Structures are given as C-alpha cells and as structure tokens.
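Below is one structure, written out as structure tokens; comments come after it.
The values are calculated or read from the model by the stated rules, or taken from the named source; none is laboratory data. Note that the structure is predicted; figures quoted are calculated from it, not measured. A quick note on method: Cβ atoms are made from the backbone with ideal geometry, for glycine too, and the neighbour counts reach across all protein chains shown.
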Amino acid sequence: MLTTTTNTLEGRTISDYRGLVMGEAILGANIFKDLFAGIRDIVGGRAGAYENELQRARQIAVEEMCEKAKAMGANAVIGIDIDYETVGSKGSMLMVSACGTAVVVD
C-alpha cells in the first residue's frame, strides 16, 4: 500500500478515488509510565515510554486505515493527516487518528 501526505503521487496516475478512510488507536498510559514521565519532567530528558506508546498508536492507526483502503480495492492512500489527542479523565488515554483518501493508482 502506497501512502503519502501529499494529494498526488509523482510519476503515478490516479485512476479512481475510492473514498475517505480512517484508522484510530486509543492506548492507555499506565501509572508507572506516568510516574517516570513525571520524574523526567522534573529532571529533564525525553519520556521514552510515552514516545514508544505514541509510535505504537500511530502505527496501529495507519495500518488500520490501510486495511480499510485495501478492502475498498485501493492500492494507495493520499492526503494522509495524523492527529493526536488525549482523552479520558485527566488525559489518561492517548488517541491517534489517521485519515486519508483511498485511491487506485496505475
């Protein structure tokens, strides 16, 4: 599956637009990750546990979006937009959503 944030694929012709496709992932951050992230905030540095969860959520959302595009008969997704939000009480959950247009390219 070809994926891009642009609205075209250079050197390829879009022969059919199949429609909007989305994928979402919501992951919870456990208390130990929260604790260590809080310590990192105080002493400085990167919150590796959160970065790993963010990467995992993004991968899940994009893979889900691509599976939906494939089910529609598409071989590419263009115009991809990825959004990040916190949800739940006190922002305890991380939500990543990926959205794009499923197309058939030659």
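Miscellaneous remarks
- Within the range 25-32, one or more residues are at pLDDT below 80 and part of a helix (DSSP H, G or I).
- Taken over the range 66-106, the criterion of being assigned to a helix (DSSP H, G or I), at pLDDT 95 or above and not basic (K, R) is satisfied by C66, E67, A69, A71.
- Pairing residues of the range 5-31 that are under 14 Å from R58 (Cα atoms) with residues that are modelled with pLDDT under 95 and part of a loop (DSSP other than H, G, I, E, B), at Cβ distances under 9 Å and at least 6 apart in sequence or on separate chains, gives I26/G88; G28/G88; G28/S92.
- With respect to the conditions (1) in contact with a strand residue (DSSP E or B) (Cβ under 8 Å, 6 or more places away or on another chain); (2) at pLDDT 95 or above; (3) surrounded by 11 or more Cβ atoms within 10 Å (Cβ to Cβ); (4) not basic (K, R), A57 falls short on a single one, namely (2).
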